[in-house]
Amino acid sequence: MNPSKDNVFNIASLLTQMARFQPYKRAVVCPSGRDDDGRVTYTHLTFRQLDMESDCLAHGLESVGVGKGVRTLIMVKPGLDFFALTFALFKTGAIPVVVDPGMGLKGMIRCIRDSRPEAFIGISQAHAVRIMNPGAFKSVHIPITVGSRWFWGGVTLRQIRKVPWQSYIPVPTLRNDTAAILFTSGSTGPAKGAVYTHGNFEAQIQTIQSHFQIAGDEVDLPTFPLFALFDPALGMTAVVPDMDFTKPAEVDPEKIIEAIINQGVTNMFASPALLHRVGGFGKQNGIKLPSLKRVVSAGAPVSADNIEQFTSVLCDSAEVHTPYGATEAVPVASISSHEILNETRRLAEKGYGICVGRPLNGLDIRIIRISDSPINQWKDDLVLDASEIGEIAVKGDLVTRHYFENAEADSINKIRNGKETWHRMGDLGWIDRKGRLWYCGRKSHRVLTENGPLYTIPCEAIFNTHPQVFRSALVGVGDAPRQNPVICIQLHPSDPNVDLKALESELLQLASQHILTRDITTILFPKSFPVDVRHNSKIFREELAEWAGRKIKS
């Protein structure tokens, strides 16, 4: 049976459409150095050039065997080649495998071994890693080097690039065909390969376009490489920032601000850590960024203080949006700074959780009873009553259906409902009377005490109201269900001479006044919090719990 014409779709076709609609608009802009006077210089590709370049690469990839269904690990720095290669792979029907190098060598090698790539496109340093770890790369039989090839075999990108240009018609993939394998960050357990279909990507593009009302003249500054790939399909100019993408918390704020002003950036994605660093610098120096219409911050909960600080550099009509989602399903819900600062903030400070907004168009969200066990089939009696805290489950066209050859992860995280699939987010939350979702922390991070469960985000909010607290983290020490709840406090770095004994007394008094925190009687002050490698924002509570246990015993 031939598939219906309506079911044939390749995500790369959106780039070709944009190249026809706006051929001379800049698609990708990259910093290329500085001139003799210290001014930053840029290189770019228009939409027409990017489409043609990806055609040239698609012909070359196909000539060396990288075609439909070939899993292809891509480890290339964000830039012109990164964009052209990714869309070339989509055009051939190959399956890009994307692993975050920021997760560290050990985690990265594990993901590569699990995904068993057949082709590998990487910079010279990445191929050196391949040579030193042959076991993880034993499935690779098509090595392609971007840049100089050293002592290994294979071909270079320059060698396979087919010129002069000839049009390449994207392979007619189906909406349910695998388009890419994107690995989770591994911040809450082993990283898993989420399988994205061309239909998943299409639904993401439509949801982002509709919700954020992306206009035709938009310029984006994506400080997370994967999100940059949305831009060509949305028709936005992507300005690649001058930064180390594995260390957003250490970004040079002047370089980010310089790019925004130089390129007239209208949209920016920033992790909470980057948002805090750039916003703090901008506020301190009285900087305004009039071109920005919206800032999107995700990857971890974003505090109202962080949002308020960044709004000081924006014009009155601009807003900070904090969408909620995960690698397997993003975006799911969203809320803007106006609603946060004028309404939900004061409720969050009382321990309601963090409001992450209303479900986006086409997404179903349900709160189900908390369980650490697999749920094989969806049943309506899983759903809790309104305002009850439970696990967040989502369903929709942008939600991935399964992981790559990981039946155990599928059983824990997916619930089958006929031909549909619910994804268990692994997060806890509740829905208010206005239909807004409130995030209360990770399910695996709840603290199970003899007096009942404690949830991280609501409890931490009480301590975070103290002016000397930068942020806090609730952890459990001991075995459930008789864990000892411990609150770890990180102080503002600008306030080094704090009387910890006096502060501890004040925080204990504060905790005793709230029903959520009155059972928390142990406070510790680590020098810093371990955080995730992808956004430098999620707190590794597992590591903190181990440290707290050792500290209490010593």
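Look at the stretch 426-452: where a residue is closer than 23 Å to residue 364 by Cα and open to solvent by less than 20 Å² (accessible area, probe 1.4 Å) and a partner is of a type in the set (Ser, Thr, Tyr) and outside any strand (DSSP E or B), sitting 6+ places away or on another chain with Cβ atoms under 7 Å, you get 426/188; 426/444; 428/455; 438/352; 440/455; 441/455; 441/456.
Of the numbered criteria (1) outside any strand (DSSP E or B); (2) at negative phi; (3) among the small types (Gly, Ala, Ser), the one residue 387 fails is (2).
The residue that is least open to solvent (accessible area, probe 1.4 Å), among those in the stretch 394-410 that are of a type in the set (Asp, Glu) and farther than 23 Å from residue 439 by Cβ, is 410.
Taking the stretch 469-524 and the strands (runs of 3 or more DSSP E) fully enclosed by it, the elements with 1 or more residues that are open to solvent by 40 Å² or more (accessible area, probe 1.4 Å) and either over 16 Å from residue 544 (Cα atoms) or of a type outside the set (Val, Ile, Thr) (or both) are at 469-477, 484-491. Against the criterion of being crowded, with 19+ Cβ neighbours inside 10 Å, of a type in the set (Asp, Glu) and over 28 Å from residue 517 (Cα atoms), residue 391 does not qualify.
Taking first residues from the stretch 24-36 that are in a strand (DSSP E or B) and partners that are open to solvent by 50 Å² or more (accessible area, probe 1.4 Å) and charged (D, E, K, R), the Cβ contacts under 7 Å between residues at least 6 apart in sequence or on separate chains come to 31/242.
In the stretch 526-542, the condition of being modelled with pLDDT of 95 or more and of a type in the set (A, V, I, L, M) is met by no residue. With respect to (1) part of a loop (DSSP other than H, G, I, E, B); (2) more than 23 Å from residue 227 (Cα to Cα), the lone exception for residue 60 is condition (1). Which of the residues spanning the stretch 411-422 are buried (at least 19 other Cβ atoms within 10 Å of the Cβ) and either of a type in the set (D, E, K, R) or within 29 Å of residue 349 (Cα to Cα) (or both)? Within the stretch 411-422, 414 is the sole residue that qualifies. On inspection, residue 131 does not qualify as in a strand (DSSP E or B) and aliphatic (A, V, I, L, M). Each residue in the stretch 234-290 was checked for being touching a His at 6+ places or on another chain (Cβ under 9 Å) and either surrounded by fewer than 23 Cβ atoms within 10 Å (Cβ to Cβ) or assigned to a helix (DSSP H, G or I) (or both), and 5 of them qualify.
When restricted to residues that are surrounded by fewer than 20 Cβ atoms within 10 Å (Cβ to Cβ) and assigned to a helix (DSSP H, G or I), the stretch 186-198 contains 0. Total residues in the stretch 99-128 satisfying the condition of being within 16 Å of residue 245 (Cα to Cα) and in a loop (DSSP other than H, G, I, E, B): the figure is 3. Residue under question is residue 548, and the condition is that it be small (Gly, Ala, Ser), touching a residue at least 60 places away in the same chain (Cβ under 8 Å) and not in a strand (DSSP E or B); does it hold? Taking the combined requirement at face value, the residue satisfies it. Of the residues making up the stretch 352-374, just one is within 19 Å of residue 464 (Cα to Cα), in contact with an Asp or Glu (Cβ under 9 Å, 6 or more places away or on another chain) and open to solvent by less than 80 Å² (accessible area, probe 1.4 Å), namely 355.
Count of the stretch 150-168 residues, restricted to those that are open to solvent by 20 Å² or more (accessible area, probe 1.4 Å), in contact with an Asp or Glu (Cβ under 9 Å, 6 or more places away or on another chain) and not aromatic (Phe, Trp, Tyr), is 4.
Annotation: of all residues in the stretch 1-59 being of a type in the set (Asp, Glu) and open to solvent by 10 Å² or more (accessible area, probe 1.4 Å), the one that is modelled with the lowest pLDDT is 6. Based on this model, can you work out whether residue 330 counts as in contact with a Phe, Trp or Tyr (Cβ under 9 Å, 6 or more places away or on another chain), part of a strand (DSSP E or B) and open to solvent by less than 20 Å² (accessible area, probe 1.4 Å)? The answer is no for residue 330. Is it the case that the stretch 135-149 has a residue that's over 30 Å from residue 536 (Cβ atoms), open to solvent by less than 10 Å² (accessible area, probe 1.4 Å) and in a loop (DSSP other than H, G, I, E, B)? Scanning the stretch 135-149 turns up no residue that is over 30 Å from residue 536 (Cβ atoms), open to solvent by less than 10 Å² (accessible area, probe 1.4 Å) and in a loop (DSSP other than H, G, I, E, B).
The values are calculated or read from the model by the stated rules, or taken from the named source; none is laboratory data. Computed from a predicted structure; not experimentally measured. In this analysis, Cβ positions are derived from the backbone assuming ideal geometry, glycine residues included, and neighbour counts consider all displayed protein chains. These accessible areas exclude ligands, DNA and RNA; they are computed on the full protein's heavy atoms, side chains included. Shrake-Rupley method; radii C 1.70, N 1.55, O 1.52, S 1.80 Å.
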